[in-house]
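Peer 1: First, the structure itself, so that you have it in front of you.
The values are calculated or read from the model by the stated rules, or taken from the named source; none is laboratory data. Being a predicted model, the structure only gives us computed values, none of them experimental. Note that each Cβ is placed from the backbone with ideal geometry, even for glycine, and that neighbours are counted across all protein chains shown.
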Amino acid sequence: MSAQTVVVAEDDAEVVFRARGLTKTYTMGEVEVRALRGVDLDLHAGEFVVLLGASGSGKSTLLNILGGLDIPTSGEVTCQGHRLTGAGDDALTAFRRESVGFVFQFYNLIPSLTALENVALVTDIADSPMPPEEALEIVGLKERMHHFPAQMSGGEQQRVAIARAIAKRPAVLLCDEPTGALDSRTGVLVLQALERIHEATGALTVIITHNAGIADMADRVIHLSDGAIVDEQRNAQPKRAEELKW
Ligand code: ADP
Ligand code: MG
């Protein structure tokens, strides 16, 4: 079939996500958009992965399927041995709630709640969360916890969103263009927060970006083009977030 690269386990590290033959086709009237054309992918515990590709290459579609926000047209996904494909709505909701921290380009904070209250919204429904104050401390915003989103910069709001994502101690952190709305200096601060969290928790961390400058901080870079994985590279010595430039 296609000549795409098959990205599978090279070592014994625990496989967290295993995707096989994922396709996603959107049908809009007469038009079919093939957002994913057969993706095979293993992501391991503790990895820091950057999923790199141009706009429209299928990155968000793939991440949303891994995170249980969307379902593929065909193919299989498991997370920690549990099948996401074919799981019912209740099981997918529980999976998202307990196992996945999401960070999106736009922070999706509730404007009428303080930083602390925004984080507490999630810790209130999680199983064994960290205190919201602790999550805000990890992202360097303990002093700002009683501030409202409108009183914070974009980078600070994104760090609140990251605190909210990690407060439930998720096994995986899925970030879709987390620096996409930020200038590079502020973006680096956000990436430093993600780096610190990864080092502290060891959570499998996946960052989607169209920005090749971010790829240097990853253990592994997976290149997506036109709905397929076309290349993969490992960084023997990932750069620190503070060394990144774009
Ligand atoms: P990326 O995140 O890499 O920019 P996406 O996964 O968002 O790419 O999109 C991949 C392709 O699927 C694009 O052509 C996009 O227009 C299309 N697409 C994404 N979501 C939808 C949708 N809900 N309905 C129709 N087409 C979609
Ligand atoms: Mg996208």
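Peer 1: For residue 159, indicate whether it is buried (at least 22 other Cβ atoms within 10 Å of the Cβ) and not in a strand (DSSP E or B).
Peer 2: Taking the combined requirement at face value, the residue satisfies it.
Peer 1: Among the residues of region 102-109, are any surrounded by 18 or more Cβ atoms within 10 Å (Cβ to Cβ), more than 16 Å from ligand 1 (Cβ to nearest atom) and touching a residue at least 12 places away in the same chain (Cβ under 8 Å)?
Peer 2: Scanning region 102-109, I find at least one residue that is surrounded by 18 or more Cβ atoms within 10 Å (Cβ to Cβ), more than 16 Å from ligand 1 (Cβ to nearest atom) and touching a residue at least 12 places away in the same chain (Cβ under 8 Å), so the answer is yes.
Peer 1: Let me ask something else about it. When residue 200 is evaluated against the numbered criteria (1) over 14 Å from the mean Cα position of the chain (by Cα); (2) part of a helix (DSSP H, G or I); (3) under 22 Å from residue 13 (Cα atoms); (4) at pLDDT 95 or above, which criterion, by number, is the only one it fails?
Peer 2: Among (1) over 14 Å from the mean Cα position of the chain (by Cα); (2) part of a helix (DSSP H, G or I); (3) under 22 Å from residue 13 (Cα atoms); (4) at pLDDT 95 or above, residue 200 violates only (4).
Peer 1: State the number of residues belonging to region 19-42 that are within 11 Å of residue 75 (Cβ to Cβ) and either more than 9 Å from ligand 1 (Cβ to nearest atom) or assigned to a loop (DSSP other than H, G, I, E, B) (or both).
Peer 2: 10
Peer 1: Taking region 43-69, which residues are of a type in the set (Gly, Ala, Ser), over 21 Å from residue 233 (Cβ atoms) and more than 8 Å from ligand 1 (Cβ to nearest atom)?
Peer 2: Correct list: 67, 68.
Peer 1: So, in region 164-197, how many residues would count as being within 14 Å of ligand 1 (Cβ to nearest atom) and either surrounded by fewer than 17 Cβ atoms within 10 Å (Cβ to Cβ) or part of a strand (DSSP E or B) (or both)?
Peer 2: Matching residues across region 164-197 total 4.
Peer 1: Give the residue, chosen from 73, 85, that is of a type outside the set (A, V, I, L, M, F, W, C) and without any contact (Cβ under 8 Å) to a residue 24 or more places away in the chain.
Peer 2: The unique qualifying residue is 85.
Peer 1: Just for region 10-57: of the residues that are farther than 18 Å from residue 174 by Cα and among the hydroxyl-bearing types (Ser, Thr, Tyr), which one is surrounded by the most Cβ atoms within 10 Å (Cβ to Cβ)?
Peer 2: 23
Peer 1: Pick out, from region 43-105, the strands (runs of 3 or more DSSP E) lying fully within it that include 2 or more residues that are closer than 18 Å to residue 208 by Cβ and either in contact with a helix residue (DSSP H, G or I) (Cβ under 6 Å, 6 or more places away or on another chain) or hydroxyl-bearing (Ser, Thr, Tyr) (or both).
Peer 2: Per the criteria, 48-52, 100-103.
Peer 1: Could you count how many residues in region 110-149 are assigned to a loop (DSSP other than H, G, I, E, B), within 14 Å of residue 168 (Cα to Cα) and either without any contact (Cβ under 8 Å) to a residue 40 or more places away in the chain or of a type in the set (Val, Ile, Thr) (or both)?
Peer 2: So the answer is 4.
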